[in-house]
Amino acid sequence: MRPLANFLLYFLAIGVALYAAAGYGFFPLGSLVHPEMKVTFQSHPIGIYTHIFASSVALLLGPFQFSKSLRLNYPSLHRWSGRAYLSAGVLAGGASGLYMAQFAFGGIVSRIGFSLLALGWLFSGLMAYRAIRRRDIHSHRRWMIRNYALTFAAVTLRTYLGLFFAAGVKFEDFYPAVSWLCWAPNLILAEWLISATRNRQAR
């Protein structure tokens, strides 16, 4: 299953990153979202553009950080792409995401959901950085798994949007739930993977 999982990881991450970059780079701001969200985006263009493009950088670079061959054969590239991931991706994307979360469509439920996502993204990125600075590679890897699980919320959010639209549920009815569903299950899965890896190592 691992080759299939790796393929899906790269395919979905790269696909959604390119879709977001193209959608916000070549179309008028807010033309692809709900009318109320469009008004918010047009009122805060710097915030949303920073969030979209920084998050796309993180989404694109993240899968390569877990590549064993890249770490072993090109350690310098791994380090530099990791710095770009955390600074240009997570730091910029998380800070702008936290700002934009205060205007999220769906009321207080959405605002809290997206705010916690941004805070968790920033915190796990900081912990991953601190771990590698003290040469704690195992802790660094665990925090990076958590961090990229939150980065991957960009993919799961769009997956849920498609599922709810296909089911005929109104956007205003399901979007507050998506603000939590897009990241909380990802984080639970990340913790399961970390626990499973620890158990294998212990055995």
If we scan segment 157-168, do we find a residue that is free of Cβ contacts under 8 Å to residues at least 24 places away in the same chain, more than 18 Å from LEU119 (Cβ to Cβ), out of contact with any Gly (no Cβ under 6 Å at 6 or more places or on another chain) and of a type in the set (D, E, K, R)?
no
How many residues are in a helix (DSSP H, G or I) and under 19 Å from the mean Cα position of the chain (by Cα) when one looks only at segment 59-70?
7
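Just to check your reading of the model, which residue among ALA92, ALA104, ALA149 is touching a Phe, Trp or Tyr at 6+ places or on another chain (Cβ under 9 Å), at pLDDT 95 or above and not in a helix (DSSP H, G or I)?
ALA104
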Return yes when PHE41 is free of Cβ contacts under 8 Å to residues at least 40 places away in the same chain, surrounded by 13 or more Cβ atoms within 10 Å (Cβ to Cβ), of a type in the set (Phe, Trp, Tyr) and closer than 27 Å to PHE165 by Cα and no when it is not.
yes
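Residue by residue, here is whether (1) acidic (Asp, Glu); (2) modelled with pLDDT of 95 or more; (3) part of a helix (DSSP H, G or I) holds:
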{"site": "ALA5", "(1), (2), (3)": "no, no, yes"}
{"site": "LEU9", "(1), (2), (3)": "no, no, yes"}
{"site": "SER31", "(1), (2), (3)": "no, no, no"}
{"site": "GLY47", "(1), (2), (3)": "no, yes, yes"}
{"site": "ALA54", "(1), (2), (3)": "no, yes, yes"}
{"site": "VAL57", "(1), (2), (3)": "no, yes, yes"}
Kindly indicate whether any position in segment 153-169 is in a helix (DSSP H, G or I), within 18 Å of the chain's Cα centre (by Cα) and farther than 17 Å from VAL33 by Cα.
yes
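So that you can scan it fast, the table gives a plain yes or no per residue for (1) surrounded by 18 or more Cβ atoms within 10 Å (Cβ to Cβ); (2) farther than 19 Å from GLY30 by Cα; (3) in contact (Cβ under 8 Å) with a residue 60 or more places away in the chain:
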| site | (1), (2), (3) |
| --- | --- |
| ILE46 | no, no, no |
| ARG71 | no, yes, no |
| TYR74 | no, yes, no |
| ALA101 | yes, no, no |
| ALA118 | yes, yes, no |
| LEU122 | yes, yes, no |
| TYR129 | yes, yes, no |
| HIS138 | no, yes, no |
| ARG142 | yes, yes, no |
Considering only residues that are among the hydroxyl-bearing types (Ser, Thr, Tyr) and surrounded by 14 or more Cβ atoms within 10 Å (Cβ to Cβ), look in segment 11-34 and name the one that is farthest from TYR148 (Cα to Cα).
TYR24
Selection from segment 155-189 of residues within 14 Å of ILE145 (Cα to Cα) and in contact with a Leu (Cβ under 8 Å, 6 or more places away or on another chain) yields TRP183, ASN186, LEU187
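The values are calculated or read from the model by the stated rules, or taken from the named source; none is laboratory data. Since the structure is predicted, the reported quantities are computational estimates derived from the model, not experimental observations. Please note: Cβ atoms are built from the backbone with ideal geometry, for glycine as well, and neighbour counts cover all protein chains shown.
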